[in-house]
Amino acid sequence: MSLNSVGRPTRPAADAPAAGFASLSGGRGLLQDEALIFERDSWEGTGVDLPSPDAGAEDLAGLVRARPLSLPGLSEPETVRHYVRLSQKNHAIDLALYPLGSCTMKHNPRLNEKLARLPGFADLHPLAPVSAVQGALGLMDRLSHWLKTLTGMPAVALSPKAGAHGELCGLLAIRAAHAAAGQTQRRLVLTPTSAHGTNPATAAFVGYEVVEIGQTADGRVDLADLAAKLSDEVAAIMVTNPNTCGLFERDILEISRLTHAAGAYFYCDGANFNAIVGRVRPGDLGVDAMHINLHKTFSTPHGGGGPGSGPVVLSQALAPFAPTPWVVHGPEGFKLLEETEAEAAQAFGRMTAFHGQMGMYVRAYAYMLSHGADGLRQAAEDAVLNANYIKARLSGVMSAAFPDGPCMHEALFDDRWLEGTGITTLDFAKAMIDEGFHPMTMYFPLVVHGAMLIEPTESESLAELDRFCDALLGLARAALAGETERFTAAPHLAPLRRLDETLAARKPRLTWRKTETGVAPAPLAAE
Amino acid sequence: MRYLPLDEADRRHMLGVIGAPDVDALFADVPAPARLSGPVDLPGYAGEIEVERELAGLAALNRPAGAGPFFCGAGAYKHHVPATVDHIIQRSEFLTSYTPYQPEIAQGTLQVLFEFQTQVAALTGMEVANASLYDGSTACAEAVMMSRRVTRRRKAVLSGGLHPHYATVTHTIATAEGMEITRRPAAVDAEADVLAAIDSDTACVVVQTPNVFGTVTDVTAIAEAAHAAGALLVVVTTEAVALGLLKSPGEMGADIAVAEGQSLGVGLNFGGPYVGLFACREKFVRQMPGRLCGETVDAEGRRGFVLTLSTREQHIRREKATSNICTNSGLCALAFSIHMTLLGGTGLRRLAEVNHGRARTLAGALAGLPGVEVLTPRFFNEVAVRVPGSAAALVEALAGEGILAGVPVSRLDPTAGMDDVLLLAATETTSAADIEALVAALSRRIR
């Protein structure tokens, strides 16, 4: 053993403990167990210094809380430590490839974060006089111009707050247009079996009956089935393009022609617009309405599950029915058109209290400006190239769901190649965690057995793609070689092992509750 | 292009592995007439310097709330957000992760959601809360639709004190689903007016306190009347700080409590993103919209958290889901939760008292102005006042002097017949000097 001048060993001892080692405290070195904020004795504490009130609350006698609000307050250092420790239990795009198909986990530029925090955007009140918010309205106007130009559509409703909210907006516009034309018998919405769950959910939410359209063996909408199901009772079709199998709908022009011939509208789920932005304009495909997930195509951060933003581009036929408010340009600059004004007479209503996700508009616009028309096109090409590269590299071992022809921005595999191994798609996905990657989207789309949907995005370098493919190929070979335990017991190296989701649903514990022992929350009534 | 790691050599190599002659071959499924031959008619890529210049230029054309005396509220409130909040939400692991579909590597987000749900349940006095919705207005619409699922009735009665935009959003969404919405006439102290409209077809009654005119009401009697008729009471709060001082919706008998959470941690953001708080009685949990986080154990028996009761949701139930919602407002829920953790119950109470005290100072100063009448009988941090002439014109004129003097009711609801009514809010960020400046400007304008 070599020693430095004070006798401190500078090389590890040869007999250092190996696997199976447990710490005394239960933590794993830097990865610490972190109690809930309710489990420390901080019920009276606070980490904010506030002045004394100007006056008391005697004027609100009988209206104030009878009992004090019982919530813990932590000092600032304790708060910072709590959340930083928790953050270390999360995977993130900034750590490694995050190939969640259909979710488009691409790099989130920090410039956009900086710009969204400029007080001129972040510290603006939605109902400030329009003379005080001309720059904000101007930004909304420019963003609209970019979205309309990129999609080849004449109008856009910015306010929807997420993709599903955008779907709702699009279908409400379609419903209003049919109502204005006296077409109230149109009560059906057609969606392919491969559609996102939000499509049928949204259609039902608006009062439509959902009818499924079949799929061909090569993963596209079955035109004959569509033609057979179109009628004067159909209000709209909802088709994702590129679709959820990661394929471009080759017959898209025929799909829109048939739909329009039947008097129905074509709602396109734009979740996968990132694959074609700058190369194909949905307006040229006959689309009547399409939401654009700014958090996907234009990279506003996913934030652990939102906030998103889902502007909807609209065709000429649907534009008059767009929800208020929207920005118009008048002699005295920009103004907001509200529902009570004549120009908005046909607006179907309002999606949200104010004007939508301004914070996301700023980020998306900065992203667009940074890329420009050429950069956005290049981003789409790189996203498609990366997905095809993964498909080519993995296809030798794993079974591609649709091996013939190129895919778009995501590569879809099924579980045929795992047959006889005793390993499921879920097991394989959990083993990816041990290799340092977030699993792909699993078991979606529903039309492919044991689906594994891999979306790398354009943000990955060739080296990272190779590292990912090498890891997956290594796992695949281990699976085929019978290393079952590596998969069925995975993950081994995550902060937690596999979680019991059945228990969570059977005895829901949705909030922490103080009990006599002071720790374990009481479960809600069992199912 | 600074965001794209591939270079031309990489692309050539990759095309070789794929076996494609060029990238166009990968787009071969696009019908020829729909292929764009080159970039669309928009500017080319730009460096950070140029992008920052354009955006900063646009930002400079706006007048931020912090630039001078500021009194706007009406559903969006300016509060001080501790610096810690914005620092933590920009951590990569929170900012650049997604919905916790893989709980083993998302315990950070999941534990935050569990703590958030507990905080929201405590604040609203309810038993359970979800992991957030888009904002208060969409949460209000979701509550009305949930009341239909619970009661199997089709009618909803909205109070005339409900924020007009909330009422419109609810009307837009709930009528599409086939509900019948009755909106009572706008009035400053309107809540009891809903009583006469409740009948045996009523699924829910929606009341807001403090209402859009700032009026605070104990809605216990409305809860009793609603329950006697078999209807639910939905209580809306657009100013979450008020929950620190006032009786909670649960204490007053609410079945569903919804609130805008923007006041804590989130900021103004010109109207979004915000965070919708949604809480209800435990017995209705399976009819709730949105994501829910629940406690469980892992394979080694250690406590962990997962998204749960997903059989309510669109990705499992498709057209039979309780809502079409996919994401929540995760990062804003995190910001809300961090701010709430810093405040604690003690700090939120104090913050609420400071807000209320500041509003009393404001109301007293306004009441002393000739021609100005304070209309709100019981307020938290916002008052409606009658001014001589058009409130909108007055606001425009004061904006010219650098004072954002509040929100004219005509901006929210031009049909209310309240063109001379102005809403003014005061918070902990309002200084005595701000109030003096407002009063001086008003007394010059109103003669």
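The values are calculated or read from the model by the stated rules, or taken from the named source; none is laboratory data. Please read these numbers as outputs of a predicted model, since none were measured by experiment. Please note: Cβ atoms are built from the backbone with ideal geometry, for glycine as well, and neighbour counts cover all protein chains shown.
Below, the figures for the structure above:
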{"quantity": "Qualifying position, being under 19 Å from A:Ser159 (Cα atoms), out of contact with any Leu (no Cβ under 6 Å at 6 or more places or on another chain) and within 7 Å of chain B (Cβ to nearest Cβ), among A:Arg377, A:Arg350", "calculated": "A:Arg350"}
{"quantity": "Scan of the stretch B:355-374 for residues that are facing another protein chain (nearest Cβ under 7 Å) and surrounded by fewer than 23 Cβ atoms within 10 Å (Cβ to Cβ), ordered by number", "calculated": "B:Gly357, B:Arg360, B:Thr361"}
{"quantity": "Among (1) touching a residue at least 40 places away in the same chain (Cβ under 8 Å); (2) more than 7 Å from chain A (Cβ to nearest Cβ) - the single one B:Ala83 does not satisfy", "calculated": "(1)"}
{"quantity": "Residue list for the stretch B:293-316, filter: more than 27 Å from the chain's Cα centre (by Cα), within 28 Å of B:Ile88 (Cβ to Cβ), within 7 Å of chain A (Cβ to nearest Cβ) and not aliphatic (A, V, I, L, M)", "calculated": "B:Thr296, B:Asp298, B:Arg302, B:Gly304"}
{"quantity": "Among (1) assigned to a strand (DSSP E or B); (2) buried (at least 24 other Cβ atoms within 10 Å of the Cβ); (3) touching a helix residue (DSSP H, G or I) at 6+ places or on another chain (Cβ under 6 Å), the one test that B:Ile173 misses", "calculated": "(1)"}
{"quantity": "Hits in the stretch A:249-266 (condition: within 13 Å of chain B (Cβ to nearest Cβ), under 26 Å from A:Ala164 (Cβ atoms) and out of contact with any Pro (no Cβ under 9 Å at 6 or more places or on another chain))", "calculated": "A:Ile255, A:Ser256"}
{"quantity": "Any hit, the stretch B:128-141, residues being at the interface with another protein chain (Cβ under 7 Å from one of its Cβ atoms) and without any contact (Cβ under 8 Å) to a residue 40 or more places away in the chain", "calculated": "no"}
{"quantity": "Positions within the stretch A:55-95 being more than 7 Å from every other protein chain (Cβ to nearest Cβ) and of a type in the set (Lys, Arg), in sequence order", "calculated": "A:Arg67, A:Arg81, A:Arg85"}
{"quantity": "Given (1) of a type outside the set (Gly, Ala, Ser); (2) more than 7 Å from every other protein chain (Cβ to nearest Cβ); (3) surrounded by fewer than 24 Cβ atoms within 10 Å (Cβ to Cβ), index of the condition B:Gln102 fails", "calculated": "(2)"}
{"quantity": "Scope the stretch B:317-339; condition more than 7 Å from chain A (Cβ to nearest Cβ) and either farther than 30 Å from B:Ala176 by Cβ or of a type in the set (A, V, I, L, M, F, W, C) (or both); matching residues", "calculated": "B:Ala333, B:Ala335, B:Phe336, B:Ser337, B:His339"}
{"quantity": "Filter result for the condition that a residue is within 12 Å of another protein chain (Cβ to nearest Cβ), crowded, with 17+ Cβ neighbours inside 10 Å, in contact (Cβ under 8 Å) with a residue 12 or more places away in the chain and more than 30 Å from A:Leu385 (Cβ to Cβ), over A:Arg486, A:Arg498", "calculated": "A:Arg498"}
{"quantity": "All positions within the stretch B:146-163 that are outside any loop (DSSP other than H, G, I, E, B) and surrounded by fewer than 24 Cβ atoms within 10 Å (Cβ to Cβ)", "calculated": "B:Arg148, B:Arg149, B:Val150, B:Thr151, B:Lys155"}
{"quantity": "Residue under evaluation A:Tyr267, criteria (1) outside any helix (DSSP H, G or I); (2) over 22 Å from A:Leu230 (Cα atoms), criterion not met", "calculated": "(2)"}
{"quantity": "Filter result for A:Arg477 (assigned to a helix (DSSP H, G or I), under 25 Å from B:Ile18 (Cβ atoms) and more than 13 Å from chain B (Cβ to nearest Cβ))", "calculated": "yes"}
{"quantity": "Options A:Arg377, A:Arg350; residue that is of a type in the set (D, E, K, R), more than 19 Å from the chain's Cα centre (by Cα) and surrounded by fewer than 24 Cβ atoms within 10 Å (Cβ to Cβ)", "calculated": "A:Arg377"}
{"quantity": "Meets criteria (without any contact (Cβ under 8 Å) to a residue 60 or more places away in the chain and out of contact with any Ser or Thr (no Cβ under 8 Å at 6 or more places or on another chain)) for A:Arg250", "calculated": "yes"}
{"quantity": "Test: residue in the stretch A:390-397 that is crowded, with 24+ Cβ neighbours inside 10 Å, of a type outside the set (Lys, Arg), under 25 Å from A:Leu147 (Cα atoms) and in contact with a helix residue (DSSP H, G or I) (Cβ under 8 Å, 6 or more places away or on another chain)", "calculated": "no"}
{"quantity": "Enumeration of residues in the stretch B:84-101 that are closer than 16 Å to B:Thr327 by Cβ and in a loop (DSSP other than H, G, I, E, B)", "calculated": "B:Thr96, B:Ser97, B:Tyr98, B:Thr99, B:Pro100, B:Tyr101"}
{"quantity": "Condition met for B:Val387 (out of contact with any strand residue (DSSP E or B) (no Cβ under 6 Å at 6 or more places or on another chain), crowded, with 20+ Cβ neighbours inside 10 Å and within 24 Å of A:Asp54 (Cβ to Cβ))", "calculated": "no"}
{"quantity": "Residue list for the stretch B:47-80, restricted to those being hydrophobic (A, V, I, L, M, F, W, C), at the interface with chain A (Cβ under 8 Å from one of its Cβ atoms), crowded, with 22+ Cβ neighbours inside 10 Å and not in a helix (DSSP H, G or I)", "calculated": "B:Phe70, B:Cys72, B:Ala74, B:Ala76"}
{"quantity": "Filter result for A:Val277 (in a loop (DSSP other than H, G, I, E, B), closer than 24 Å to A:Ile213 by Cα and within 13 Å of chain B (Cβ to nearest Cβ))", "calculated": "no"}
{"quantity": "Those residues of the stretch A:125-148 which are touching a Leu at 6+ places or on another chain (Cβ under 9 Å), touching a residue at least 12 places away in the same chain (Cβ under 8 Å) and either aromatic (Phe, Trp, Tyr) or facing another protein chain (nearest Cβ under 10 Å) (or both), in sequence order", "calculated": "A:Pro126, A:Leu127, A:Val130, A:Gln134, A:Gly135, A:Ala136, A:Leu137, A:Gly138, A:Leu139, A:Met140, A:Arg142, A:Trp146"}
{"quantity": "Unmet criterion (only one of (1) closer than 19 Å to B:Cys140 by Cβ; (2) within 7 Å of chain A (Cβ to nearest Cβ); (3) of a type in the set (A, V, I, L, M); (4) out of contact with any strand residue (DSSP E or B) (no Cβ under 7 Å at 6 or more places or on another chain)) for B:Leu246", "calculated": "(4)"}
{"quantity": "Total residues in the stretch B:249-292, condition within 9 Å of another protein chain (Cβ to nearest Cβ) and part of a strand (DSSP E or B)", "calculated": "1"}
{"quantity": "Some residue of the stretch B:403-424 being farther than 19 Å from A:Asp59 by Cα, out of contact with any helix residue (DSSP H, G or I) (no Cβ under 8 Å at 6 or more places or on another chain), within 12 Å of chain A (Cβ to nearest Cβ) and modelled with pLDDT under 95", "calculated": "yes"}
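Yes/no per residue for (1) within 12 Å of chain B (Cβ to nearest Cβ); (2) in contact (Cβ under 8 Å) with a residue 24 or more places away in the chain:
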site	(1), (2)
A:His295	yes, yes
A:Gly303	yes, no
A:Val313	no, yes
A:Thr324	yes, yes
A:Gly330	no, no
A:Glu343	no, no
